[in-house]
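See structure below.
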Amino acid sequence: MGATSQKQWTVLNKDNDFDGLTFGDAPIPKVGENEVLVKFHAASLNFRDLIIPKGQYPFALNFPVVPGSDGAGEVVETGSKVTQFKKGDKVVTLFNQQHQYGPIDGRGASSGLGGVIDGTLRQYGAFNENGLVKSPQNLNHLEASTLSCAALTSWNALYGLKPLQPGQTVLVQGTGGVSIFALQFAKAAGARVIATTSSEEKAKKLKELGADHVINYKTEPNWGDVARKLTPDSVGVDHIIEVGGSGTLNESFKCIKFEGVISIIGFVGGVDPKSMPNVLDTLSHICTVRGIYVGSKAMMNDMVQAIEANNIHPVVDEKVFTLEQTREAYEYMWGRNHFGKLAIKIE
């Protein structure tokens with residue numbers, strides 16, 4: 001490999017919003033004996049990437065940092081002790097580099113790409129071989145770049161605590177990456193899916209992806225009651241992918257089944273302490289409310305197998321940005337103009 005420098009983005013701090021994103025030249029990393037050098041072909045954005053420069057991210061950070069947790073590319077060099085990969089392999093990044101298997105611990109939670117460790121919004125990256133997985137064979141780089149955060153989070157939500165069973169009901173909120181992946185995984189598992197959204201246009205797309213029922217939360221603000229009535233004998237929903245925050249959580253409690261699981265994976269609707277449900281609501285509704293922080297490498301390998309076996313293709317927004325246009329991509333996503341995952345092509 002002749003080149004010694006690359007283009008990359010850097011987040012300088014959490015005080016300057018998107019103006020804190022800078023684009024420039026940087027050296028291509030040297031690989032250590034246990035490391036793999038990846039030439040990135042694509043990356044994708046998550047809500048997390050947007051709130052880090054806005055100072056709203058609640059987990060560990062280390063500035064300056066190359067943003068982005070999600071990336072896909074090919075191995076161009078391996079260290080002398082690398083055994084899992086060879087030159088030419090197509091790979092995807094693992095979100096928490098130290099989370100290999102089992103429950104997450106403090107070490108794993110403090111190893112997030114694009115937050116503590118330099119991420120994927122660059123042309124090349126060197127990673128410990130334990131921080132990568134092989135890409136699903138049925139996906140191209142753009143599709144594979146969407147898996148690291150949103151897909152693995154939804155997989156953990158559905159299979160990490162009480163594995164989803166055929167015939168159960170899953171409720172997904174909105175049309176962001178995690179919710180769309182959860183819809184796809186649930187349908188592949190033989191489950192029913194209820195989706196919530198804000199427009200007829202998005203409702204149509206959700207139906208096309210296999211949603212059995214779609215509720216417009218703008219016209220049905222008490223959608224929790226509606227969702228419960230859509231389940232067999234009105235017993236409630238087995239799994240809820242909770243992305244909204246304090247407002248939607250109240251509705252989730254209305255429709256959760258006894259012994260059901262509400263997986264909290266985000267707070268795009270904001271958190272209002274006045275409307276936040278009481279912790280004792282978990283007792284009165286006899287359910288589990290679980291915070292999700294992505295998932296392990298072992299989980300990701302299981303998910304890759306499921307994607308291949310069911311030929312699942314991630315939903316990528318029709319607008320694809322280049323690496324140079326990353327700041328524009330941030331603005332586009334912040335405006336909630338996307339459907340599914342927002343991808344960035346890297347050349």
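At-a-glance table
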| quantity | calculated |
| --- | --- |
| Pair list, Cβ < 6 Å and 6+ apart or interchain, from segment 8-31 residues that are in contact (Cβ under 8 Å) with a residue 24 or more places away in the chain and surrounded by fewer than 17 Cβ atoms within 10 Å (Cβ to Cβ) to residues that are part of a helix (DSSP H, G or I) and aromatic (Phe, Trp, Tyr) | Phe18/Tyr330 |
| Segment 98-127, residues that are closer than 18 Å to Phe63 by Cα, buried (at least 22 other Cβ atoms within 10 Å of the Cβ) and not β-branched (Val, Ile, Thr) | Gly112, Leu113, Gly114, Gly115, Asp118, Gly119, Leu121, Arg122, Gly125 |
| The lone exception for Ile307 - which of (1) buried (at least 21 other Cβ atoms within 10 Å of the Cβ); (2) touching a strand residue (DSSP E or B) at 6+ places or on another chain (Cβ under 9 Å) it fails | (2) |
| Matching residues, segment 30-52, being closer than 19 Å to Leu12 by Cα and not aromatic (Phe, Trp, Tyr) | Leu45, Asn46, Arg48, Asp49, Leu50, Ile51, Ile52 |
| Conditions (1) over 30 Å from Ser69 (Cβ atoms); (2) in contact with an Asp or Glu (Cβ under 9 Å, 6 or more places away or on another chain); (3) crowded, with 19+ Cβ neighbours inside 10 Å; number of the one not met by Gly236 | (2) |
| Residue selected from segment 186-212 under the condition of a type outside the set (Lys, Arg) and assigned to a helix (DSSP H, G or I), by the criterion farthest from Gly174 (Cα to Cα) | Ala188 |
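Every number in this text was worked out from the coordinates using simple rules, so none of it is lab data. Not measured: the values here are computed from a predicted model. With ideal geometry, Cβ positions are generated from the backbone for all residues, glycine too; neighbour counts draw on all protein chains shown.
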